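Taken together, the values in this text are just the output of simple stated rules run on the coordinates, not laboratory data. What you see is a predicted model; the values in this text were computed from it and never measured. Using ideal geometry, Cβ is built from the backbone for each residue, glycine included, and neighbour counts are taken over all protein chains shown.
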């Protein structure tokens, strides 16, 4: 058997030992990372998102050292201050510092966005993986269920939610995810179906691998790029949804600041103190733009069609 | 006698390693809103075959003839619809799970597409070592040594174990696939078009490698290909398939010198030979029309719609595989002389 | 009119990638006369397809660096895109390997086959369709009038390829370039298509350039053959001569490494050692020398030029140019 092979008996071609030795081993992830790094604009967008997230996380530190204000602090004597000193971005109708509110609002908005994406992806990909891998009646049942979820008119769900209780960022994330995971499930299932066809899945089966091994070690890593792209694009989408909900009065309620409800407040004061509209608006715009650009950059980085090696 | 005992006969190396009887693999075709099964793709439509220990049996045919499906059914990657598959005397056609997994150590498969048959996310070492992990054959240093040995045996530098498949050429990837197939120490390997996707100058390297490995490890091959020139070179016996059935089996030289089945005859005359003088003077039997569909094969002999020798009788009855002496079988009522 | 119909002189086409320049076509010259059949043989990376695409000016994203493609008194590398469009499909037609992807799946086949005559000869829809149907019949598609209304996916592989050939012929081009037309087809269908190409060449007098990696196909189809390796022509000449006594080690080794149907079993194959070259980083001197069993010192220094070796053949090899016969164990 194999263990007894004396070396050097097989006629080895010279070629097997030449070449390919100069460059270090490059995994698929390394290559994708290289491609991402080469995309300057994409990287800039990614860094921007990272900075925004960092600022939001460290909100109290910022207010302590930078702005010296709390988001809920009222000061009825300094209402409608234009941007300047000491309120760098001005104040609103209740004298609250806009910059501080923007930072704390970012906590809420970004927090909802990331949490929603996390829940959607976990739930959606589990369902998608199982449905895609097993096919048959399991696939049918799961996908019909997903169809039902996707058919739920989200807006009514949100209205219902706001009537029943006051949504906190966590519950808001859960509700948005509950209608959003369907899309992810479809996406993952589609990707699984295509990866499943590839010969290496059948090859791994032929050496005796069980289903669990196939799903976790072979399918999941090959499906991951699609998930990562969906996540980065999803963040932007959820921010817009959250902002819209707040604007309609269905989401985070004042006095808790979020970028969306800062826009609601400022609607009435558009001609009076336009900066109250501009700052949250621009912040949302820039963040969503960065998320889209970064998401596209990641997709390009993973796309094997752009491979320039072999 | 209890059922289980009957399934496992006493088997010696004089008996065929693999013995297939009446094998059918049909795939349902569904249609309509309710997804009813309206027809079947009869990929393998009643095949009897023996593969002797230590031999290379070639299996040729054109696309849609079912040769790949037959190979995959024998190795149980696809479940048969009917018939039996005996491996070393044991009927494995209905086995599943743990039972089947034991047999997976005795049989392996090499795939056609070197670019798709390796997981791009795994290192070469992990790909070759995975069978060792699954069957818990070796761990740690021993595992590493085995992987190195396997890579060397297929002509790859063991230093490449921590690299990824996309860094290698088609021929090298195919070697990795062969190393993976060898990892469990199988006695039987199904080679499903292992060189079709490779450059001509590399094909010969891989053919030689497969022959060397067969001698070294006492392997039995089922070599599936559409290129009869290659199959004739590497195989002891060649089986020709058409629309799910085996129409002729014979030792390679015999098949070429004296084919009995009209399909084999036209297949041989269609294959270009790299010699312009021979090519110019060849008598060609060029078949009309296209291959019929495996969903609705013609009644009687499946080949009759394209056969230049067909008679009315051919539509009524399916010709059985008959012996024409000396290991030569053909399924035709009006064979070539 | 005497003289070659199409003449390619020292063509160079390059693909610029982030790892370097891929010299896909590296100084290729050949010619074809009216009614002739020329085979271009090579493996993947030899540059045979890119050469054909460069002739048609379809080589993008590659770039034609230098060289001439002389056709009917004009240099095709220099004409405007508009003029090139007139030539494509009308004077020089090309058919590709995979008819499934080279045909548009959303248009009916007859419509697509009629497109070249509509564009180039300005025929109206009915007349163009009549030409198309007639050509579909000539290429052996039964019931052409009905089949013309079918979509490409409703045809089998062989029939689709016939339809592609019909599409190429409707404008009675002077040159037909067939890029691996039968590689994706079954062997019995391949025989049909090759027979069709032979017939087309006889009946229409179309000069045919057949690009393939299959030496058997070339042996049966082409009067002359040109062997390419790493973007260069390494040998050319009449097919009978090149196969009988190849004058380049690559051709010689290739012929010995392929299993032949008529060979007695069992002589072991003699594979060509090594791997195809990296086109970005070609070996110095002769591109084949790392794999060559006849090489001498000069081969790694100087790139051999294509010169006459023997009576009818050209070969780019220092060894054979100096009179050595290729022989081996």
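Some values worked out for this structure:
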item: Acute angle (nearest 10 degrees) that the helix C:125-138 long axis makes with the longest principal axis of chain C, alpha-carbon atoms; result: 50 degrees
item: Whole-Å distance, taken between Cα centres, linking the range B:87-144 and the range A:30-62; result: 42 Å
item: Inter-label distance, nm, simple model (7 Å from Cα along the C-beta direction), residue B:77/residue A:147; result: 3.3 nm
item: Sorted by Cβ neighbour density within 10 Å, fewest at the top, the residues C:270, B:232, C:327; result: C:327, C:270, B:232
item: Amide N proximity, the range C:128-157 versus residue C:198 label position 7 Å along Cα-to-Cβ, cut-off under 19 Å; result: C:138-141
item: Residue order, fewest to most beta carbons within 10 Å, for C:317, B:191; result: B:191, C:317
item: Radius of gyration, Dmax [the range C:120-228; alpha carbons; angstrom]; result: 14.4, 44
item: Relative contact order [Cα under 8 Å, 6+ residues apart], chain B, whole percent; result: 19 percent
item: Residue-averaged beta-carbon neighbours from other chains (10 angstrom radius) around C:7-19; result: 1
item: Beta bridge orientation in chain B: antiparallel %, DSSP, nearest 5; result: 60 percent
item: Stretchable slack from residue C:300 to residue C:7, in nm (0.36 nm times residue separation minus alpha-carbon distance); result: 102.4 nm
item: Relative contact order of the range C:100-171, pairs being alpha-carbon contacts under 8 Å that are 6 or more residues apart, as %; result: 47 percent
item: Two-site FRET efficiency, residue C:60 against residue B:257, from Cβ-Cβ distance with R₀ of 51 Å, rounded to 0.05; result: 0.50
item: In nm, spacing of pseudo-spin labels at residue A:44 and residue A:278 (7 Å Cα→C-beta vector); result: 2.1 nm
item: Volume per residue of the C-alpha convex hull in the range C:253-321, rounded to whole Å³; result: 123 Å³
item: Centre separation in Å (Cα based) which lies between the range A:91-136 and the range C:60-99; result: 55 Å
item: Rounded FRET efficiency, nearest 0.05, which uses the C-beta distance separating residue A:34 from residue A:72 and R0 of 51 Å; result: 0.65
item: Per-residue mean of C-beta atoms belonging to partner chains within 10 Å, peptide C:82-91; result: 0
item: Estimated inter-spin distance, residue A:54 and residue A:94, nm [label 7 Å along Cα→Cβ]; result: 3.2 nm
item: Calculated [θ] (222 nm, deg cm²/dmol) that DSSP helices of n ≥ 4 give over the protein assembly as shown, each run adding -39,500 (n - 2.57); result: -13000 deg cm²/dmol
item: Estimated FRET transfer efficiency (residue A:61, residue A:268; beta-carbon r; R0 41 Å; 0.05); result: 0.80
item: For A:219-227, mean number of other protein chain Cβ atoms within 10 Å; result: 1
item: Translational diffusion of the protein assembly as shown, µm² s⁻¹ [Kirkwood Rh, Cα pairs; Stokes-Einstein; 4 °C; 1.567 mPa s]; result: 40 µm²/s
item: Exposure proxy ranking, count of Cβ atoms within 10 Å, fewest first, for B:90, B:283, B:142, C:325; result: B:283, C:325, B:142, B:90
